[in-house]
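Chemist: Structure below; questions to follow.
The values are calculated or read from the model by the stated rules, or taken from the named source; none is laboratory data. Since the structure is predicted, the reported quantities are computational estimates derived from the model, not experimental observations. Every residue, glycine as well, gets a Cβ built from its backbone with ideal geometry; the counts of neighbours run over all protein chains shown. Surface accessibility is based on the protein's heavy atoms, side chains included, excluding ligands, DNA and RNA. Shrake-Rupley method; radii C 1.70, N 1.55, O 1.52, S 1.80 Å.
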Amino acid sequence: MRRDDLYDLIERMGFVQLDSIITVERAHHLTLFSRNQTYRRSDLDDLLAKDRRLFEHWTHDSSAIPVRWFGHWTHRFERMGQRLQRDSWFSERIGADADAVIAGVLDHIRHNGPTMSRDLDDGDGKKAGPWWGWGPTKAALEYLWWSGQISVVRRENFQKIYDLTERVIPESHRYETPSHDDHVDWACSAAMDRLGIATSGELAAFWAAISPADAKTWVETNDHRLQPVIVKPADGGKPRASFAWNHLEDQFERLADPPTRLRFLSPFDPIVRDRNRAQRLFNFDYRFEAFVPAPKRRYGYYVLPLLEGDRIAGRACMKFHRNRGELIVNNLWWEPKVKAGKGRVDALMSELERLRRFLGAETVSITKGVEAPH
């Protein structure tokens, strides 16, 4: 997979969510590997830190986003900067002298270049923590990032390294601030391109960049470009009124058949990120349980959905033990009406072998005879 092809893939997806959990592999690498088994991690790093074709910021979570859309994030920068200034949690952490702390951190970055939170201290000899150590300087860093004054220049051991936005984002993209109406039109149009069929609420949630009211108004004013559709849920629920482009039928005709091989999906894959939508479209009830107390977990800490063609066929709880080079599938559950015949099991083992090679594991082991939890 060439780097240009990787960029095209991410642009077609819209963004790829970044996540620090490394129970199997970081979510962004799993998301991209599931779509192309020749994916190389270094290409994503290069698109972010060298080519500057992607930048890191927020959608519904921290994500890698095509930099050509950077101008649309200026609306978020303004909104989030104002919100943080009013936030009591943030105020408690940055302290009473917020303006001075923010100015000091910005001045440090301006004169010293790329900066991590650990490069700063809070005047008491204590370094700012990278994750949970939210002292004044860490809070200032986050404010400056959320408000767009600094950007992530790269990551080191998944910790953010910041620099002035003017030294990170190419000049041709820094001064393109669309109007509110143009921003809403882009957010809804780009979301519809990627979702295919959606409610106005789903359009608003795709980028988490506009309000549900903005998306609803956009749908109403663009009725000449859209057609109403009724989606019959796969779970047998009530049909749902949605919208699609007028040329939906042409889109269907151009679609290629989905690959038949089994693929493990990241827990944050766009296919399953919206739990309600995954339930309607695939009859697949999926909840990421890493943050659920262990006694209340139904399946496990880190569970990967298993995609087969155009349906979710199962899920697996797994962990990569890097210290001994072993990928272990602790539990495996097939979805109802999915039979574990020889062909399907062979396909599963082939996908596990592909994943083993990608992770650099030496061995794979899988638990047999697992029953679905009750």
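A quick yes/no check of all residues on (1) out of contact with any Asp or Glu (no Cβ under 6 Å at 6 or more places or on another chain); (2) assigned to a helix (DSSP H, G or I); (3) open to solvent by 80 Å² or more (accessible area, probe 1.4 Å):
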site: 202; (1), (2), (3): yes, yes, no
site: 206; (1), (2), (3): yes, yes, no
site: 219; (1), (2), (3): yes, yes, no
site: 224; (1), (2), (3): yes, no, yes
site: 234; (1), (2), (3): yes, no, no
site: 238; (1), (2), (3): yes, no, yes
site: 251; (1), (2), (3): yes, yes, no
site: 256; (1), (2), (3): yes, no, yes
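Chemist: Is it true that some residue in the range 307-324 is crowded, with 17+ Cβ neighbours inside 10 Å, part of a strand (DSSP E or B), touching a residue at least 40 places away in the same chain (Cβ under 8 Å) and among the charged types (D, E, K, R)?
Modeler: Looking for residues that are crowded, with 17+ Cβ neighbours inside 10 Å, part of a strand (DSSP E or B), touching a residue at least 40 places away in the same chain (Cβ under 8 Å) and among the charged types (D, E, K, R), one finds at least one in the range 307-324, hence yes.
Chemist: Oh, and also: Pull out all pairs, ordered by first then second residue, where Cβ-Cβ is under 6 Å, the residues are six or more apart or on different chains, the first lies in the range 61-74 and is among the aromatic types (Phe, Trp, Tyr), and the second is open to solvent by 30 Å² or more (accessible area, probe 1.4 Å).
Modeler: 70/173
Chemist: For the range 164-192, name all the residues that are in contact with a strand residue (DSSP E or B) (Cβ under 8 Å, 6 or more places away or on another chain), within 26 Å of residue 214 (Cβ to Cβ) and not aliphatic (A, V, I, L, M).
Modeler: Here is the first cut: in the range 164-192, the residues in contact with a strand residue (DSSP E or B) (Cβ under 8 Å, 6 or more places away or on another chain) are 164-165, 167-169, 191-192.
Imposing the further condition that a residue be within 26 Å of residue 214 (Cβ to Cβ) reduces the set to 165, 169, 191-192.
Passing the criteria: only 165.
Chemist: With respect to residue 5, is the statement that it is open to solvent by less than 20 Å² (accessible area, probe 1.4 Å), more than 16 Å from the chain's Cα centre (by Cα) and in contact (Cβ under 8 Å) with a residue 12 or more places away in the chain true?
Modeler: no
Chemist: Ok, one more. For the range 325-366, enumerate the residues that are loosely packed, with under 15 Cβ neighbours inside 10 Å, touching a strand residue (DSSP E or B) at 6+ places or on another chain (Cβ under 6 Å) and closer than 27 Å to residue 287 by Cβ.
Modeler: 340, 365
Chemist: For the list (1) at pLDDT below 95; (2) within 29 Å of residue 172 (Cβ to Cβ), I need the number of the one condition that residue 103 fails.
Modeler: Among (1) at pLDDT below 95; (2) within 29 Å of residue 172 (Cβ to Cβ), residue 103 violates only (1).
Chemist: Something else now. Pairs needed: first member in the range 27-50, hydrophobic (A, V, I, L, M, F, W, C); second member anywhere, in a helix (DSSP H, G or I); C-beta distance under 6 Å; at least 6 residues apart or different chains.
Modeler: Taking only residues 6 or more apart or on different chains, the pairs are 33/358; 47/7.
Chemist: Determine which member of the set 309, 325, 300, 314 is over 24 Å from the mean Cα position of the chain (by Cα), at pLDDT 90 or above and small (Gly, Ala, Ser).
Modeler: So the residue among 309, 325, 300, 314 that is over 24 Å from the mean Cα position of the chain (by Cα), at pLDDT 90 or above and small (Gly, Ala, Ser) is 325.
Chemist: Among the residues of the range 146-160, is there at least one that is on the phi > 0 side of the Ramachandran plot, assigned to a loop (DSSP other than H, G, I, E, B), in contact with a Phe, Trp or Tyr (Cβ under 7 Å, 6 or more places away or on another chain) and touching a residue at least 24 places away in the same chain (Cβ under 8 Å)?
Modeler: The answer is yes; a qualifying residue exists.
Here is a yes/no grid of residues against (1) closer than 30 Å to residue 321 by Cβ; (2) at pLDDT 95 or above; (3) assigned to a strand (DSSP E or B):
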position	(1), (2), (3)
11	no, yes, no
25	yes, yes, no
30	yes, yes, no
34	yes, yes, no
65	no, yes, yes
73	no, yes, no
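Chemist: Continuing with the same structure: If I filter the range 258-276 down to residues being more than 23 Å from residue 340 (Cα to Cα) and of a type in the set (D, E, K, R), which single residue comes out as least open to solvent (accessible area, probe 1.4 Å)?
Modeler: Per the stated criteria, the residue is 269.
Conditions tested, residue by residue: (1) surrounded by fewer than 17 Cβ atoms within 10 Å (Cβ to Cβ); (2) without any contact (Cβ under 8 Å) to a residue 12 or more places away in the chain.
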residue: 87; (1), (2): yes, yes
residue: 96; (1), (2): yes, yes
residue: 108; (1), (2): yes, no
residue: 122; (1), (2): no, no
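Chemist: Could you run through the range 12-33 and say how many residues are closer than 17 Å to residue 63 by Cα, over 13 Å from the mean Cα position of the chain (by Cα) and buried (at least 17 other Cβ atoms within 10 Å of the Cβ)?
Modeler: Here is the first cut: in the range 12-33, the residues closer than 17 Å to residue 63 by Cα are 12-22, 25-33.
Cutting the leftovers down to over 13 Å from the mean Cα position of the chain (by Cα) gives us 12, 22, 25, 33.
Checking which are buried (at least 17 other Cβ atoms within 10 Å of the Cβ) leaves us with 25, 33.
Summing the residues that are closer than 17 Å to residue 63 by Cα, over 13 Å from the mean Cα position of the chain (by Cα) and buried (at least 17 other Cβ atoms within 10 Å of the Cβ) in the range 12-33 gives 2.
Chemist: On the given criteria, is residue 198 of a type in the set (A, V, I, L, M, F, W, C) and open to solvent by 60 Å² or more (accessible area, probe 1.4 Å)? Before you say what the answer is, go through the steps one by one.
Modeler: Values: of a type in the set (A, V, I, L, M, F, W, C): yes; open to solvent by 60 Å² or more (accessible area, probe 1.4 Å): no.
Spelling it out, it is not the case that residue 198 is of a type in the set (A, V, I, L, M, F, W, C) and open to solvent by 60 Å² or more (accessible area, probe 1.4 Å).
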